[in-house]
Amino acid sequence: MTTAGQDTATASGGAVPPGGGQWDVFISYAREDYIQAKDLHDALSGCVTAHGSAPRIYLDVSRTSGTPLGVDWQTFLEEALPRSRHVVALYSATYFDKPVCQWELHEAYKLNPPEGGRLIPLLIDPGAAAKVPYIVNRINWIPTTRPHWIEEVRRAVGLRTAGTRTTLRFDTAVAGAVVGHTLAPVSVTGSVPEGAPQWPADGTVTIGAEPADAELTGTLTVPVVRNRAVFADLAFRNAAAEVRLVTTAPGCEPATTGPFAVGAPEEPPSWNEPDRPVLAARGRPVFFPDGRALAVLDGRTLTVHTAEHEAAGVVELRDRPRLWARGRRLLAVADWSGRVVLAAPDGRVRAVDLPARTGARLTVPGALAFDADDTLYAGLWGGAVWRLTLDGAGPERVLEHRAGVQVLTADGEGLLVGGLDGRLTRYTAGRAGAEHTLEPMLLAMARTRGFVLAVGEQRIHRLDPAGGRLLQVAQPIGAVTAALPGEELTAIVDAAGHGVCFDAELAVRVGFHSVPGARPVAAARGGRLLVLAHPDGSHALVRDGRTTYVSRHPMTLSGDGERAAVSDGERILIVPPGELGGGGPVQGERA
């Protein structure tokens, strides 16, 4: 073993072998025999295991697989030897004079099963045969004087030549791409040579792009399922005249697609066709529940545009918007200062500044929720819950939840309040009742088909209000950073931009991938149509899980999916979503 300060040399590997807890081969050798040991290492490294992966070979002083710096070498060896499937000992004149080599040999002998096969002696010096200790003398060695000795070693340690490796293959050609648009699913299969073992079902495949500056995004490493790896959310960040996809997997021959172009984003739809609604407004559009009237927030000014596309009521926020909510007819928005605005599709608006609790300086709203009568409930981080109506008098404080309010729902029987302590409490006539423990970070809550769904950072919580039963399941993606609850589905996104839409039965309807920091702002058609807002201010239309249109300015959808409102920074165009790219209509959408 060639460890610093020692006279002998052994085996190869890092602190933890890549991809598992065992070495396939441990090479034990004296420092003077390093050249022969390295030659053996290189020859075996060109082979593959029975599963088609690259072998893990422990050879000290290897830059990629040697004993780590700063590690006690003897302790490391004591742990590496039992974790090695095979030990190849290089018998030479000097090997049996090295105490560490003698120790390694005896340890390997103790680990060798009665039927043998774990300790593989390799006689690299014929003169060393006379020095082989009695205890291991009965274990046959492989002399390097034989013409095909390397093949004997390869078979003894369970490796096969790389020529029988699985060959990767793209199932379909990629004809072209558009910046920001999700590619159609890319499928990769493995062609297994005759007589070779099947491609392991627990393997993974990785995909990339050449040149790299096209910046391929999405899930770039996926598992093999039934001899197939499917990449469902790939997209490019930059245009390129010629790009190729390249896929690799451990122990497999890689594959490359033919060249294709990544084009610039599509031109927006025409704004000049007759009878096409164009609003002379700038800002963020939000559809009312009727799917026809629009509220447009420009800075801190909220303007209602009726179904006839006429500007009606105007109201001012005091701060940045924090929360939005839809009732049966009304729309509500609350800003960070505690101002709440109620708006109707006919242009009626009302702004209410919620009072701070005595002694408190902040009136940050934690949640907004409408009941079936379009009465709005606003819960504050400070704990107060206020009731507001469009045509009523001042706000009415209906209860004080001491733990503060993160999420809130309302129905005819009372309120469900999720506090900053992660507990969910039912209130009836202002009195606290049943409680359920959820989790510290709650992002959204809504009623869906008789259930209440609360989206937490780590879990989804489904409560049956009638029976009081609580079901909690782990998030199907990473830690959630944004959620959009709805009557039919809930859309969630994690920090990496992975997202899903699921229903009241917690069944995932659609999966999608966007840029890190994306958040859902509108959804329709059971999640088959979705609008995501990106951190840079751009918005993307996602159809059937694929991004098919990207706008540099705000965009939204009506709840029925019949209309999309797209801004160019100065005006807002209302068009069918089908005109925003993506081919044919989704299920239930008019052609």
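Suppose every Lys and Arg Cβ carries +1 and every Asp and Glu Cβ carries -1, with no other charges. What dipole size does the chain come out with about its Cα centre, to the nearest 20 debye? Walk me through the intermediate numbers first.
Details: 58 positive and 65 negative charges, 160 e Å.
Its charge dipole is roughly 760 debye.
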(message) Modelling each spin label as a point 7 Å along the Cα-to-Cβ direction, I'd like the A372/R431 distance in nm, to one decimal.
(response) 2.3 nm
(request) Please give, to one decimal in nm, the separation of the simple spin-label points placed at H51 and E413, each 7 Å out from Cα toward the Cβ. (result) 5.1 nm
(message) So, taking all protein chains as they sit and a 1.4 Å probe, how much accessible area belongs to H539, in Å² rounded to tens?
(response) 20 Å²
(message) If you average the C-alpha positions of the stretch 505-531 and of the stretch 200-267 separately, how far apart do those two centres end up, in angstrom?
(response) 23 Å
(message) For the stretch 443-499, what does the accessible surface come to per residue with a 1.4 Å probe? Please give it in Å².
(response) 41 Å²
(message) List the residues, sorted by chain then number, that are 5 or more residues from R563 or on another chain and whose placed amide H is less than 5 Å from its amide H.
(response) S558
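Nearest 0.05, what FRET efficiency do T301 and R169 give at R0 = 60 Å with Cβ-Cβ as r? Walk me through the intermediate numbers first.
Details: r = 57 Å, r/R0 = 0.95.
Efficiency for this residue pair is about 0.60.
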(request) Take R146, project a point 7 Å from its Cα along the Cβ direction, then tell me which residues of the stretch 95-132 have their backbone nitrogen under 20 Å from it. (result) 113, 115-132
(message) Give the lysines whose C-alpha is closer than 19 Å to that of K110, dropping any in the same chain fewer than 8 places away, or say none.
(response) K98
(message) Need the list of aspartates and glutamates near K131 for cross-linking: C-alpha distance under 19 angstrom, and skip anything on the same chain fewer than eight residues off.
(response) D7, E32, D33, D97, E104, E107
(message) Rounded to the nearest 20 debye, what is the charge dipole size of the stretch 276-372 about its Cα centre when +1 sits on each Lys and Arg Cβ and -1 on each Asp and Glu Cβ?
(response) 260 debye
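Per residue, how much accessible area does the stretch 504-573 show when a 1.4 Å probe rolls over the protein heavy atoms, in square angstrom? Please list the in-between numbers first.
Details: 2380 Å² over 70 residues.
Here the per-residue accessible area is 34 Å².
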(request) Rounded to the nearest 500, what is the 222 nm mean residue ellipticity of the chain from helices alone, with -39500 (n - 2.57) per DSSP H run of 4+ residues and division by all residues? (result) -2000 deg cm²/dmol
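Compute the length gained on full extension between A495 and E308: take 0.36 nm times their separation in residues and subtract their Cα-Cα distance, giving the result in nm to one decimal. Before the final figure, lay out each step's value.
Numbers: separation 187, 0.36 × 187 = 67.32 nm, distance 3.94 nm.
Length gained, A495 through E308: 63.4 nm.
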(message) I'd like the carbon and sulfur percentage of the solvent accessible area for the chain, probe radius 1.4 Å, heavy atoms only, ligands and nucleic acids excluded.
(response) 51 percent
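State to the nearest 20 debye the size of the charge dipole of the stretch 463-591 about its Cα centre, where the only charges are +1 on K and R beta carbons and -1 on D and E beta carbons. Display every interim value, and only then the final one.
On the way: 11 positive and 14 negative charges, 38 e Å.
It comes to approximately 180 debye.
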(message) At q = 0.17, 0.18, 0.20, 0.21 Å⁻¹, what log₁₀ I(q)/I(0) does the stretch 443-552 have when each alpha carbon counts as one equal point scatterer in the Debye sum?
(response) -0.71, -0.79, -0.96, -1.04
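So, by mean Cβ neighbours within 10 angstrom, what's the order for 436-448, 123-135 with the highest one leading?
On the way: 436-448: 18.9, 123-135: 14.2.
Averaged packing, sorted descending, gives the order 436-448, 123-135.
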(request) Find which of S84, V174, V352 sits farthest along the positive direction of the dipole of the chain, computed with +1 on the beta-carbon of Lys and Arg, -1 on that of Asp and Glu, about the Cα centre. (result) V352
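Starting from 0.36 nm per residue, how many nanometres of slack lie between E487 and E570 once their C-alpha separation is accounted for? Intermediate results must be reported in sequence, preceding the final value.
Values: separation 83, 0.36 × 83 = 29.88 nm, distance 3.25 nm.
So the chain would gain 26.6 nm between E487 and E570.
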(request) Count neighbours as other Cβ atoms within 10 Å of each site's Cβ, and list the GluC sites (Glu not before Pro) in the stretch 78-178 that are DSSP loop with at most 16 such neighbours. (result) E115
(request) Report, in degrees rounded to the nearest 10, the 0 to 90 angle that the Cα long axis of helix 34-45 makes with the longest principal axis of the chain. (result) 50 degrees
(message) For T204, what residues show an amide H to amide H distance below 5 Å, using hydrogens built from the backbone and excluding near sequence neighbours?
(response) V224
(message) Can you give me the angle between helix 99-111 and the longest principal axis of the chain, using Cα atoms only, in degrees from 0 to 90, rounded to the nearest 10?
(response) 70 degrees
(request) Could you go through the stretch 317-330 in sequence order and give the Karplus-derived ³J(HN,Hα) for each residue, using 6.51 cos²θ - 1.76 cosθ + 1.60 with θ = phi - 60°, rounded to whole Hz, and x for Gly and Pro? (result) 7, 9, 8, 5, x, 10, 9, 10, 8, 10, x, 6, 10, 9
(message) Using the Cα centre of the chain as origin and beta-carbon charges of +1 (Lys, Arg) and -1 (Asp, Glu), tell me which of I572, G208, T75 is placed farthest towards the positive end of the dipole.
(response) T75
(request) Could you tell me the accessible area of I57 in Å² (1.4 Å probe, neighbours in place), rounded to the nearest ten? (result) 10 Å²
(request) Set Lys and Arg Cβ to +1 and Asp and Glu Cβ to -1, take the dipole of the chain about its Cα centre, and tell me which of A434, L245, L111 lies farthest positive. (result) A434
(request) Return the loop-located GluC sites (Glu not before Pro) in the stretch 205-308 (DSSP other than H, G, I, E, B) with at most 10 other Cβ atoms within 10 Å of their own Cβ; answer none if there are none. (result) E308
(request) Return the distance in nm (one decimal) between the two label points of a simple spin-label model at D290 and D560, each offset 7 Å from Cα along Cα→Cβ. (result) 1.2 nm
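How much length, in nm to one decimal, is gained on full extension between D353 and V230, taken as 0.36 nm per residue of separation minus their Cα-Cα distance?
On the way: separation 123, 0.36 × 123 = 44.28 nm, distance 5.18 nm.
Net length gain for the segment: 39.1 nm.
The values are calculated or read from the model by the stated rules, or taken from the named source; none is laboratory data. Being a predicted model, the structure only gives us computed values, none of them experimental. Here the Cβ is made from the backbone with ideal geometry for all residues, glycine too, and neighbour counts use every protein chain on show. Quick note on the areas: whole protein, heavy atoms, side chains included, nothing else; ligands and nucleic acids left out. Shrake-Rupley method; radii C 1.70, N 1.55, O 1.52, S 1.80 Å.
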